[in-house]
Amino acid sequence: MAMLTGFGIFLLAASMPGTQAQVVQMDYSKSGFVGSQVELRCTFANSNPPVKISQVTWQKFLNGTKQNVAIANPTMGVSVLPPFKDRVTFKNPAVRYSTPSLEDTTITFSGLRLSDEAAYICEYATFPAGNRENQVNLTVYAQPMTRLTLTSPTIVARSRATGKMTVATCLSANGKPPSVITWDTRLKGEATFQETRNTNGTVTVRSNYLVVPSRETHRQKLTCIVTYRNERISDSVTLNVQYEPDVTIEGFDGNWYLNRQDVQLTCKADANPQVTVYQWKLLNGSMPTNVEIRNNTLFFKGPVTYELAGTYVCDATNNIGTRSGMVEVNVTEFPNIPPPSEREIPAEERSSGAAIGGAVGGVVLLGVAAVLLFVFLRRRQRTFKGDYSTKKHVFGNGYSKAGGLPPHPPLPQNLQYPEDSDDEKKPAPVGGPGGFEGSDRDFDPDAEDLKRPYFTVDEGESRDFDERTLAFQYDPEHEIADDMVSQTDGSVISKKEWYV
């Protein structure tokens, strides 16, 4: 009979009734950090009836080459080969018994090294099924070393600096996988990045931050953020920038006048490090005789005189350099009193003035409203020694003597108006010659001198033109008595009333 190979035995066992194929069970991948510990699981699912396990072998598979790591043999026992001897053990103690149980041959890796990263094969040799194997991929990570440093403890800002310089460096060294570096700062600068791959498989990332050192960059905060996998590491530094003094002179308010007392000038300097020496001088002249110099302040004793006028210069010096400030002092004969509009009004006076102004404005507004209401009511009902309703008849041409226009033709002296009523307004009967009622004379509608418009307008209905009633009647014009005066509304009053 021909000899059966291991593969043929496996097919025979799988085809036999009541049997089950053998499977080596492992994880697809595992990972750990350098120096840490990791377990590589390997178990054997045996058949029923079970096959005999003759040996279990762990191998490292890298770049197409296999290297034995550990062996478990029922007869020979357990063996771990260099360089894994001190770092690899079988997790299940039963593997090391004199009659070992080899269904679970999980191994434990301690003190992981970057060189341990590879694929690991767990191979079972069985009888009569033959060899069964599986593999797991082991990844080894390296936690980077992160450091943020200043280029130097102190950075000097030169007045003639022409470009940016590196002020801080953020380093993430020997990481696997490489880190990502970002910066968080209010400084206007520029970041550079560089990656270096090391021989052991790690990567070093370096980032420099460049700015133009100045007064504005002093005491500014720089934060470096290193993102490694899902972890964020941050570190911060504060810039210490040294710069020359920035000098100003305070004390002259533009109002130094003769005999003013207690004036002084103070030299203010923003510098890092602090100013060590202040020097005063007066351009085109010598210092006044009544001045006292105390470090950065000039005290002028006694009253102000014309001798104090001139250009004062203060030189401030620190370890970086010397800068100057100056002020032009003018002396006037009299105080310069600004107009009220330019004076600074205290907040209390402004608030009280606003309150008073608001009250006065309210009273004036109420007064104007009252006057307008009074005029409006007077115009609705205007009268001479009594009320005259605007619903009275309008009769005549409306010209009055007072207006300087031609007088109205004379009307009967006894022309009367009836009281107001809701009925259509008509002239009251006029007795005597020329009256409308009881007159026997013929009426000539074509007579030109008799044509005089007469109409009634109800003021309450004046807005509705459809309801306005216009009635034209004609009546001979009558002369107005000498003691009567016609009004613009068509009425007449006596001269006695007119001139009252």
Members of region 48-77 that are within 19 Å of D104 (Cβ to Cβ) and touching a residue at least 40 places away in the same chain (Cβ under 8 Å) = V51, K52, I53, S54, Q55, V56, T57, W58, Q59, V69
Of N240, N208, N230, N259, the only residue that is farther than 14 Å from T146 by Cα and touching a strand residue (DSSP E or B) at 6+ places or on another chain (Cβ under 7 Å) is N240
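Among residues belonging to region 194-205 that are open to solvent by 40 Å² or more (accessible area, probe 1.4 Å) and touching a strand residue (DSSP E or B) at 6+ places or on another chain (Cβ under 9 Å), point out the one that is nearest to A157 (Cα to Cα).
Of the residues in region 194-205, the ones open to solvent by 40 Å² or more (accessible area, probe 1.4 Å) are 194-200.
Narrowing further to those that are touching a strand residue (DSSP E or B) at 6+ places or on another chain (Cβ under 9 Å): 194-198, 200.
Details: Q194: 26, E195: 30, T196: 32, R197: 35, N198: 37, N200: 41 Å.
Out of the qualifying residues, it is Q194.
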Could you figure out which of (1) surrounded by fewer than 18 Cβ atoms within 10 Å (Cβ to Cβ); (2) of a type in the set (G, A, S); (3) in contact with a Ser or Thr (Cβ under 6 Å, 6 or more places away or on another chain); (4) at pLDDT below 90 isn't true of A191?
-> (4)
What's the number of the condition P100 fails, among (1) open to solvent by 50 Å² or more (accessible area, probe 1.4 Å); (2) part of a loop (DSSP other than H, G, I, E, B); (3) not polar (S, T, N, Q)?
-> (1)
Where G130 falls short, out of the listed (1) out of contact with any strand residue (DSSP E or B) (no Cβ under 9 Å at 6 or more places or on another chain); (2) open to solvent by 20 Å² or more (accessible area, probe 1.4 Å); (3) under 30 Å from K60 (Cα atoms) | (2)
Tell me, which strands (runs of 3 or more DSSP E) wholly within region 144-196 include 2 or more residues that are closer than 16 Å to Q220 by Cβ and β-branched (V, I, T)?
-> 165-175
Picked from region 240-271 (must be over 14 Å from V327 (Cα atoms) and of a type in the set (D, E, K, R)), the residue surrounded by the most Cβ atoms within 10 Å (Cβ to Cβ) is E244
Of the numbered conditions (1) closer than 23 Å to G310 by Cβ; (2) of a type outside the set (A, V, I, L, M); (3) open to solvent by 60 Å² or more (accessible area, probe 1.4 Å), K221 fails exactly one; give the number of that condition.
-> (1)
Every residue from region 104-126 that is open to solvent by 40 Å² or more (accessible area, probe 1.4 Å) and touching a helix residue (DSSP H, G or I) at 6+ places or on another chain (Cβ under 9 Å) = D104
Note down all Cβ pairs under 6 Å where the first residue falls in region 121-138 and is closer than 17 Å to S54 by Cα, the second is small (G, A, S) and open to solvent by 30 Å² or more (accessible area, probe 1.4 Å), and they're at least six residues apart or on different chains.
-> A125/S54; F127/S54; G130/G6; N131/G6
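Tell me which residues, restricted to region 78-97, are open to solvent by less than 40 Å² (accessible area, probe 1.4 Å) and in a loop (DSSP other than H, G, I, E, B).
Residues of region 78-97 open to solvent by less than 40 Å² (accessible area, probe 1.4 Å): 80, 84, 87-88, 90, 94-95.
Result: F84, R87.
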For region 29-64, the count of residues that are part of a strand (DSSP E or B), open to solvent by 30 Å² or more (accessible area, probe 1.4 Å) and under 30 Å from P144 (Cβ atoms) equals 7
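The values are calculated or read from the model by the stated rules, or taken from the named source; none is laboratory data. All values reported here derive from a predicted model rather than from experimental measurement. In this analysis, Cβ positions are derived from the backbone assuming ideal geometry, glycine residues included, and neighbour counts consider all displayed protein chains. Heavy atoms of the whole protein, side chains included, go into the accessibility calculation; ligands, DNA and RNA do not. Shrake-Rupley method; radii C 1.70, N 1.55, O 1.52, S 1.80 Å.
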